[in-house]
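So the structure is just underneath, and the comments pick up after that.
The values are calculated or read from the model by the stated rules, or taken from the named source; none is laboratory data. All values derive from a computational prediction rather than experimental measurement. Backbone-built Cβ (ideal geometry, glycine too); neighbour counts: all protein chains shown.
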Amino acid sequence: MVETEISGDSRPTPLDIEVLRILVASAGKIVGRDFIARQSGLDSTCARRVDASLVAIRRWLGSDALITVRRRGWMLTSEGQETAETFLRQQVDTSQ
């Protein structure tokens, strides 16, 4: 089991968690900024906020966990998928 540790100053925001859930649900597929923004409830004027969440996700999961596909979007690697699922489970466990 992969354990992901988060320092106190970099706790995930609700948007970060939602973006990660969208990436996990899209396993093996490239997802674009607009799709992530729509799925997470952001309007098109706020779509760039997704980028900040992706930076945070890379910090928590490791830079190799998330692939950038130029001009198309992002996708979790298979290892990133596993790490992300564990990370999300840990977030649920600590919020209860």
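General observations
- Among the residues listed as V24, V31, the single one being crowded, with 18+ Cβ neighbours inside 10 Å, on the phi < 0 side of the Ramachandran plot and modelled with pLDDT of 90 or more: V31
- Residues of the range 16-70 that turn out to be free of Cβ contacts under 8 Å to residues at least 40 places away in the same chain and β-branched (V, I, T), as a count: 9
- T45 satisfies every condition listed in (1) surrounded by 15 or more Cβ atoms within 10 Å (Cβ to Cβ); (2) among the β-branched types (V, I, T); (3) over 24 Å from T94 (Cβ atoms) except (1).
- Among the residues of the range 32-87, those identified as touching a Phe, Trp or Tyr at 6+ places or on another chain (Cβ under 9 Å) and outside any helix (DSSP H, G or I) are G32, L66, I67, T68, G73.
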